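The values are calculated or read from the model by the stated rules, or taken from the named source; none is laboratory data. All of these numbers come straight from a predicted model, not from anything done at the bench. Virtual Cβ from ideal backbone geometry, glycine too; neighbours counted across all protein chains shown. Protein only, heavy atoms only, side chains kept; ligands, DNA and RNA dropped before computing areas. Shrake-Rupley method; radii C 1.70, N 1.55, O 1.52, S 1.80 Å.
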Amino acid sequence: MIKPILGYWNIRGLAEPIRSLLHYKKVDFEDKRYVSGTDEWSNDKFNLEFDFPNLPYYMEGDVKITQSTTIIRYLGHKHGLDGKDDKQRLRVSLAEQQIVDLRTRLVNLCYSKNYESMKGNFIKKIPDQMKLWEKFVGNRKFLAGNNIAYVDFIAYETFYWFRLFHKDTFYGCPNLQIYQDRMKNLPELQDYLNSPRYKKWPIFTAVAKFGSSGESPEHA
């Protein structure tokens, strides 16, 4: 059997949900981490036969794909983590699109040259956004229901970023806090989370105004 390879920068970023899913399913894979500022990725970029060379990438035999959402959808389907019925699959699809939008807003802020002037207004809007997720999660164990799905790994990472950015992100949202704790304490992830391979920080590359340098926040 050919060992899969997940390639990405040496940060959490867009690859961390994919890493978590693979570890959750106990997949033996190579976690290829490129160091920013070196020629390693530029030397590999056009020699790996991707249709659209980019990071992250995933290689598994003849399967060679890029785009983080495409990769995690593929793995979700492969490992039966894409919903158990039509109702769950609809919730997975909706949650995926919504959580990617939420993640993108934070990414855009943190990479913006106007970060300092935009940060205050962004923080003011967090409670309203989280209240929607608080209601969506409700008393369910996971976003689609009682069965974990690939979108849960994206959601956990996105909420993790938001809480790093603003420690009161879950204020007034007990369902979200319970959800995060449940994801963090999944028995299948404990070996990974307690190993040197797991990195709490950084979440972004060096040019980001937040999440890229120094020590992680104390509330990480």
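Odds and ends about this structure:
- Considering every alpha-carbon pair of the range 170-220, the percent of pairs per 5 Å bin, from zero through the bin containing the longest distance, is 4, 17, 16, 19, 22, 17, 5.
- Overall, the chain carries a charge dipole of about 680 debye about its Cα centre when +1 sits on the Cβ of Lys and Arg and -1 on the Cβ of Asp and Glu, all other atoms neutral.
- Positive-pole candidate from ILE123, VAL107, ILE154, dipole of the range 81-220, charges at beta carbon: ILE123
- Relative contact order computed over the range 67-156 (Cα-Cα under 8 Å; 6+ residues apart), in percent: 45 percent
- Each helix, a run of at least 4 DSSP H residues, gives -39500 (n - 2.57); summed and divided by the residues of the chain, these come to -15000 deg cm²/dmol at 222 nm.
- Inter-label distance, nm, simple model (7 Å from Cα along the C-beta direction), ASN43/HIS77: 3.5 nm
- Signed unit charges on C-beta, dipole axis of the chain, positive-most listed residue LEU193, THR205, LEU176: LEU176
- Where ARG33, ARG12, ARG197, ARG163 fall by accessible area, highest first, once all protein chains stay in place (1.4 Å): ARG197, ARG163, ARG33, ARG12
- Near ASP82, once Lys and Arg are set to +1 and Asp and Glu to -1 for all other residues with Cβ below 15 Å from its Cβ, the sum equals +3.
- Convex hull volume per residue, computed on the Cα atoms of the range 138-190, equals 74 Å³.
- On the chain, 50 percent of the accessible area sits on carbon and sulfur atoms, based on a 1.4 Å probe.
- Our estimate of slack between ASP191 and LYS64, defined as 0.36 nm per intervening residue step minus the Cα-Cα distance, is 43.0 nm.
- Working note: Cα gyration tensor of the chain, eigenvalues times five, square-rooted, sorted largest first, giving semi-axes of 27, 23, 16 Å.
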